[in-house]
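One structure is given below, encoded as structure tokens.
Values in this text are rule-based calculations from the coordinates and carry no lab data. Since the model is a prediction, treat every value here as computed from it, not as a measurement. Virtual Cβ from ideal backbone geometry, glycine too; neighbours counted across all protein chains shown.
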């Protein structure tokens, strides 16, 4: 009975199944196209800037997201190679559908793990989200749960997440920023007709603008807690998700294992991310 109770259909299980089904179906349909296009990756990575049109490839929404995300992850990794200072990141995801790739794309998990190398003497890197209240109000709870899971995964890997609710920052670039040195712009979410938009700049004007945005984010961050638990609890409150309910449900599903609920089919996906996020949030569940 406990096993059956863990997988009751609610906003947690529905969100996981809903997002994985869309990603899995799309990537399986696009597998040959993505494999055939992979030989062009080095060409794009060698360019100082790139923004290929979506019409170059006939891909599903999932395939376009995967291709843009995979390129941006490798582009940022390459541009930050040998960086002597800890970068800070700004990400453009605002909804659960946009955040779900963090939970399931295999390269996203590797990318998050690799950011651990920037930690120095206990100082962690940070990642800023801009999620206006209007976006929250327009989103169903199962999507908001996915966003919470994605943020929990980042905190699980030692990344300090900040959240800005001011809509003035909605169009801020996805960027990896090293103050005074460089800004690695890598957008793949809400890029219009482009699969991605990537470039690197060391212009004083650009660095000043990005530095101001990150400084503002630190000042108006609504996740003010000093520890992951308090920040995630503040995020749940902002997303109108009951903290006791979501942590208890995460613990129940994690204890049974996500493979008992869903399994990935595409070689490009993994359940490791959502497993880690569920387990991490589950540790904060109240003990009865």
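Okay, helix-only estimate at 222 nm for the chain: each DSSP H run of n ≥ 4 adds -39500 (n - 2.57), divide by all residues, round to 500 deg cm²/dmol; what do you get? Display every interim value, and only then the final one.
Working: 12 runs with 150 residues, N = 288.
Taken over the chain, the calculation gives -16500 deg cm²/dmol.
What's the extension gain from residue 40 to residue 133 if we count 0.36 nm per residue and subtract their Cα-Cα distance?
Working: separation 93, 0.36 × 93 = 33.48 nm, distance 3.97 nm.
Going from the current span to full extension adds 29.5 nm.
Roughly how many Å is it from the Cα centre of the stretch 75-154 to that of the stretch 203-281, as a whole number?
8 Å
Given a cut-off of under 8 Å on Cα pairs at least six residues apart, what relative contact order in percent is computed for the chain?
On the way: 444 pairs, mean separation 69.3, N = 288.
Worked out over the chain, it gives 24 percent.
Rounded to the nearest 0.05, what FRET efficiency is calculated for residue 240 and residue 81 with R0 set to 30 Å and r the Cβ-Cβ distance? Don't skip to the end; give the middle numbers.
Numbers: r = 41 Å, r/R0 = 1.36.
With a Förster radius of 30 Å, E is 0.15.
Starting with the fewest neighbours, write out 50, 230 ranked by other beta-carbon atoms found within 10 Å of each beta-carbon. Don't jump to the answer; show the numbers that get you there.
Numbers: 50 17, 230 13.
Placing the least packed residue first, the sequence is 230, 50.
Which of 186, 277, 252 ends up with the largest GNM mean-square fluctuation for the chain, with Cα atoms connected below 10 Å?
Result: 252 has the largest fluctuation of those listed.
Can you tell me the length gained on complete extension of the stretch residue 263 to residue 167, counting 0.36 nm per residue apart and subtracting the Cα distance?
Working: separation 96, 0.36 × 96 = 34.56 nm, distance 3.66 nm.
Gain on stretching residue 263 to residue 167: 30.9 nm.
Taking each pair of different alpha-carbon atoms in the stretch 92-216 once, compute 1/r for the pair, average those values, and report the inverse of that mean as the Kirkwood hydrodynamic radius in Å to one decimal.
Details: mean 1/r = 0.0643 Å⁻¹.
Its Kirkwood hydrodynamic radius stands at 15.5 Å.
Please build a GNM for the chain, connecting alpha carbons under 10 Å apart, and tell me which residue among 152, 176, 134 fluctuates the most.
So, out of 152, 176, 134, the one fluctuating most is 134.
Top mean-square fluctuation among 70, 227, 36, Gaussian network model of the chain, C-alpha springs under 10 Å?
36
May I ask you to derive the FRET efficiency for residue 31 and residue 190 from their Cβ-Cβ distance with R0 = 25 Å, giving the value to the nearest 0.05? Write out the running numbers ahead of the final one.
Values: r = 25 Å, r/R0 = 1.00.
My answer for the efficiency is 0.50.
Antiparallel versus total DSSP beta bridges in the chain: what percent is that, nearest 5? Don't skip to the end; give the middle numbers.
On the way: 17 of 25 bridges.
Counting only bridges with both partners in the chain, antiparallel ones make up about 70 percent.
Using 10 Å bins from zero, what percent of all Cα-Cα pairs in the stretch 2-282 falls into each bin?
It works out to 6, 29, 37, 22, 5, 0, in whole percents.
Please compute the alpha carbon radius of gyration of the stretch 1-151, then divide it by the globular-protein estimate 2.2 N^0.38 Å. Two decimals is fine. Provide the component values of the computation, followed by the final result.
Details: Rg = 17.6 Å, N = 151, 2.2 N^0.38 = 14.8 Å.
In units of the globular-protein estimate, the stretch 1-151 measures up at 1.19.
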